[in-house]
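The values are calculated or read from the model by the stated rules, or taken from the named source; none is laboratory data. Bear in mind that the values here come from a model prediction, so they are computed numbers and not experimental data. Ideal geometry is used to build each Cβ from the backbone, glycine not excepted, and the neighbour counts take in all protein chains shown. Heads up: the accessible areas ignore ligands, DNA and RNA and are worked out on the full protein's heavy atoms, side chains in. Shrake-Rupley method; radii C 1.70, N 1.55, O 1.52, S 1.80 Å.
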Amino acid sequence: MNGIGAPGGRAASAPLMGHESEPTLFEMSVPGRRAFQLRTTDVPPLVLAELIPVEHLAPAPLEVAEVSERDLVGHFTRLTHRQYSVDLGMYPLGSCTMKYNPKFCDAVAADEGLNSVHPGAPAVLTQGWLALLASLEEKLCAITGMARATLQPAAGAAGELTGLLLMRAYHEGRGDHRRRVLIPDSAHGTNPASVTLGGYEVTTVESNARGLVDLAALRAELDDDVAGIMLTNPNTLGLFEEEIIDIAGAVHEVGGLLYYDGANLNAILGAVRPGDMGFDIVHMNLHKTFATPHGGGGPGAGPVAVAERLGEYLPGPLAQRAPGGGYEWVRPEHSIGRVHGWHGNALVLARALAYIDVHGGDGLKRVAQHAVLNANWLRERLRDILPAAHDRLCMHECTLRATELRARYGVRGLDVAKALLEEGFHAPTVYFPLIVDEALMFEPTETESPQTLEALACALERIVERAKADPESLRRAPQTTPVSRVDEARAARHLVATADAPRPTSPTKANS
Ligand SMILES: Cc1ncc(COP(=O)(O)O)c(C=O)c1O
């Protein structure tokens, strides 16, 4: 095997302090070092070469860093000490519901009886898993007021696309070829993206001065070309759509369907149900509302629940009780097909069921009540320094604005968010929703205590004082974090996903 790093590798045994950069594993690599020794096969290389067709052989030895277990563990431990995470402290990232995820859910997902089962194993051998999935489907339907649900979609956006394909299948199944889907101007960016992917055209509906869907503007767009509307309630400003029953009536009147973006479900759990508001299709972000750590690109789950009339189009198979006892897989009659290779991100589903079951009774309602209480407490506490975009009761998150700070001291919402990192908190969401100038969206979630909320408010007060005394220091913040201010867009536009390691040029058989 080729050694990749410089001979001798870079030692990384001393703890990293301040801004010193952590070497990559390739830089630490020393030829011949191993963290793990695989037993070699007894099959001689020549025989192997005969067994494996030549086109399946790697053209060159695998380029991997060669490090000892000691250096490997040190490397990742040092990196974790430089991270901010939900387990470390408050993460008030609006719209993302970064709540603390109780560890018992991890214990459930770690259960060997669950995670050692192959998803392709026959139903007769996996009755426990089928029972778990059927039970979760039933509970999600009860929470949302829907009839049936698919657990397959792997995230919220995947749920949105699934929902739109269901909408399309429903209309086309009736010979009705509609082309437009309405979306309020406050919507999350994934909504219009999903509409386009689903083969529809987006029509934007303006919000009114109160931050809600403008019913007159909505009515003006409604005709028999409208397949449906995508909404989240509370909306992305954290405000409850008070005219939701009228909105639902108007959309249904022209034959359209109502799609509920369930990213904000944490606000209404156990209190009101999308089905009762008139929605026909609902996706849920289990990784937000039902306790799965997320945010670093980890697995999520975006089940989609539907009203009775859409059940026949759901992706299959679905786990359900068999007439003769036990559980079986069934495929809905006019299924749109699979939206996941297997049954979804199964261990996220197991976590969600554990979370729902342990909260039992009124527990989920208390989650929503505390989430809403915390957001309103924060909004009130900050009213003199960062006023709310809409001065009224909010739901689980509050959208504040830094317009005055910018006008008076040239300090932007982004600067406030960066300075918050120096104060030991994660930043709120900034510049979203797009319709709010200098938006700072805080979602404290139900898992934070009054003391933590007060500490966050004090940190923001200190930042505002700094804005008055030394605005320039805020424009350079953060200075005390491992990484200082970065170009916000460059990484996404110029993605470099690999270490710059030398590559062998001449192909060799990888049979040694
Ligand atoms: C309102 C809203 N809708 C949809 C999504 C998409 O969810 P996911 O990130 O799981 O794809 C998000 C994610 O933050 C959201 O906040």
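Solvent-accessible surface of protein heavy atoms, probed at 1.4 angstrom with all chains present, puts D357, D415 in the order D357, D415, largest first.
Taking only protein heavy atoms into account and a 1.4 Å probe, give the accessible area per residue of the chain in Å². Accessible surface, normalised per residue, equals 48 Å².
Rolling a 1.4 Å probe across all protein chains gives D87 an accessible area of roughly 100 Å². One chain, two ends: V358 and R82. Fully extended at 0.36 nm per residue, the span grows by 96.1 nm beyond their Cα-Cα distance.
Of all accessible surface on the chain at a 1.4 Å probe, what whole percent is carbon and sulfur? Here carbon and sulfur together make up 56 percent of the probe-accessible area. Overall shape: oblate for segment 274-345, with the ratio a/c of the largest to smallest alpha carbon gyration tensor axis at 1.5 or above and b/c at least equal to a/b. A crude spin-label estimate for the pair E172 and W329, with each label 7 Å from Cα along the Cβ direction, gives 2.4 nm. Kindly write out, for segment 170-185 in residue order, the coupling ³J(HN,Hα) from the Karplus curve 6.51 cos²θ - 1.76 cosθ + 1.60 (θ = phi - 60°), rounded to whole Hz, with x marking Gly and Pro. Result, ordered by residue: 4, 5, 5, x, 9, x, 10, 9, 8, 10, 10, 10, 8, 9, x, 5 Hz.
In the chain, the DSSP-assigned H stretches of four residues or longer account for a calculated mean residue ellipticity at 222 nm of -11000 deg cm²/dmol, using -39500 (n - 2.57) per stretch and the full residue count as denominator.
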